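Handing you a structure now.
The values are calculated or read from the model by the stated rules, or taken from the named source; none is laboratory data. Just so we're clear, the structure is a prediction, and the values are computed from it rather than from any experiment. Neighbour counts run over all protein chains shown; Cβ positions are idealised from the backbone, glycine included.
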Amino acid sequence: MNSEFAIRDAAIEDAPAIARVNYLTWLHAYRGIVPDSELDSLNMQSLTEQWRQNLNAAHSRDGCLVAIVRDDLIAYSRFYPSEDSDDDPHRVVTIGSMYVDPKSQGKGIGRKLMGEILAAAKTHGYTEATLHVLAGNERARKFYEYLGWEADLNVVIGRSGDQTVPKMRYRKSPL
């Protein structure tokens, strides 16, 4: 892979490619963390439609960026106002997703994309950011900690099928 990549705003037409990265990274990162039945039930058509809806429903304080090499979408990140009850959604943004195609990981794309998504959030008036990560996803947690994110001791218990899946909240303040 050429190390040159570009980052730009996502477009509706990117939904299938975003869904592909979403699918591949879930299979790569979450096996053994979430139930196999959930991973095995992932469906490209459903993911594509979900991403079409996400991109179509974006509001003035939302954003989604993609990283492109040649014509291949290899990573994406999305932000929107925090939905956590203890945060002010006018001030606090949630980085709702941050995924790099497994074949493109470890090449600086995630670091650059995170910098760009935080800069974009700042231009939308946010001063602080949070994200949720599965507690068992050590690789992602180390990545966020390396970039200066701090666990703020808020553990969220999510559901995955009939199992609970603990998530940790990380915070970056100020942006």
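Considering only residues of region 118-160 that are more than 24 Å from Pro102 (Cβ to Cβ) and buried (at least 18 other Cβ atoms within 10 Å of the Cβ), which is farthest from the chain's Cα centre (by Cα)?
Tyr126
Being out of contact with any Ser or Thr (no Cβ under 6 Å at 6 or more places or on another chain), farther than 19 Å from Glu116 by Cβ and not acidic (Asp, Glu) is true for just one of Ile12, Ile68, Ile18. Which residue is that?
None of the others qualify; the one that does is Ile12.
Within region 9-38, how many residues are in a helix (DSSP H, G or I) and of a type in the set (Gly, Ala, Ser)?
5
Six or more apart or on different chains, Cβ atoms under 6 Å: show the pairs whose first residue is in region 3-27 and touching a residue at least 40 places away in the same chain (Cβ under 8 Å) and whose second is part of a helix (DSSP H, G or I) and surrounded by fewer than 17 Cβ atoms within 10 Å (Cβ to Cβ).
Ile7/Glu116; Leu24/Pro102
Also: Mind counting the residues in region 50-60 that are assigned to a helix (DSSP H, G or I) and either over 17 Å from the mean Cα position of the chain (by Cα) or more than 14 Å from Glu13 (Cα to Cα) (or both)?
Going through region 50-60 one residue at a time, the tally reaches 1.
Then there is this: If you check Val155, Val100, Val66, Val165, which single one turns out to be touching a strand residue (DSSP E or B) at 6+ places or on another chain (Cβ under 7 Å), under 18 Å from Thr25 (Cα atoms) and at pLDDT below 95?
Just one listed residue meets the conditions, Val165.
Is it the case, given these coordinates, that Gln45 is over 19 Å from Pro102 (Cβ atoms), among the polar types (S, T, N, Q), under 17 Å from the mean Cα position of the chain (by Cα) and surrounded by fewer than 17 Cβ atoms within 10 Å (Cβ to Cβ)?
No; evaluated as a whole, the condition is false for this residue.
A further question on this structure: Quick one: Gln163 ticks every box in (1) under 17 Å from Ile33 (Cβ atoms); (2) surrounded by 12 or more Cβ atoms within 10 Å (Cβ to Cβ) bar one, so which box is it?
(2)
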